[in-house]
Ligand SMILES: C[S@@+](CC[C@H](N)C(=O)[O-])C[C@H]1O[C@@H](n2cnc3c(N)ncnc32)[C@H](O)[C@@H]1O
């Protein structure tokens, strides 16, 4: 039993990704404003592969008949931090493909395999932290059995509601969903306070496309505002010099972690 190794499901569920960066930046933003304009780029999707039963993200759009397809949990993770910091928000969610966006229109709860909690205490801790940030009350989270392919007696899951403000704003049409390419798309609510774009840029064809995406996001941030991003290693290199040329400053070099899948940089828009 180890706290260091996280289950594949937990990594892919998005509950772990960027949490340190989100925690830091949302606390920071709460000192600047009470209502933030934010966009999440590339939420992806989760699906349970019928054979491996491992949840993967972002690939579902290439599977014509995905089994047990769920929305990404990343928007809910982001909103859980905003709620915990007492921040109101305008939220846009942008993706190149429609699948993940459509799922986010109806998803009501997040689910993790309860059996993972025995083997990976970190998974349970992240789940409990999410429940606490969202201030969920009894009945809004817990355990239940769900029917699942290859699970004769059903699968025990830990479930938790999506954040209350997300459900309310979605119903009111206040969460904006945009299908578009981050290298060029106009972002809702710009000029923005915060853009979160994790594990998206690595799928662009080359460094030039990643730079175009960075530039497009930079243009739609307010002056001195923030981008949480990870996969720009080819641009950053060993030094932050290139970032400066492109008009960014890494606000906390400590936050650049070796595990690049789970987190990365909090960049601030500065004059080049
Ligand atoms: C691997 S998933 C990442 C999911 C999630 N952000 C995470 O960290 O787990 C990549 C997502 O980025 C989207 N994507 C890829 N290229 C994009 C682009 N040029 N513009 C907008 N979205 C893009 C994909 O459709 C997919 O939903």
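Each value in this text was obtained by applying a stated rule to the coordinates, not by laboratory testing. What you see is a predicted model, and the numbers here were worked out from it, not measured in a lab. FYI the Cβ positions are ideal-geometry reconstructions off the backbone, even for glycines, and counts take in every protein chain you see.
For the reader, a short list of remarks on this structure follows.
- Two-site label geometry, residue 176 and residue 27: point separation in nm, points 7 Å out along Cα→Cβ: 3.1 nm
- Extension gain (nm, one decimal) between residue 223 and residue 88, 0.36 nm per residue minus Cα-Cα: 46.6 nm
- Averaged over residues, the count of other Cβ atoms within 10 Å places the peptides 80-91, 14-25, 166-177 in the sequence 14-25, 80-91, 166-177, highest first.
- For the range 79-119, alpha-carbon Rg relative to the globular expectation (2.2 N^0.38 Å, N residues): 1.61
- Computed log₁₀ I(q)/I(0) - Debye formula, equal Cα scatterers, no solvent, the range 105-144, q 0.24 Å⁻¹: -0.90
- Surface/4 estimate of mean projected area, convex hull on alpha-carbon atoms of the range 154-235, nm²: 8.3 nm²
- Among beta bridges identified by DSSP and lying wholly in the range 85-229, the antiparallel ones come to about 55 percent.
- For the range 72-146, the fraction of alpha-carbon pairs in successive 10 Å shells from zero, as %: 15, 43, 34, 8
- Tail weight of P(r) past 19 Å, computed on alpha-carbon pairs of the range 95-208, percent: 63 percent
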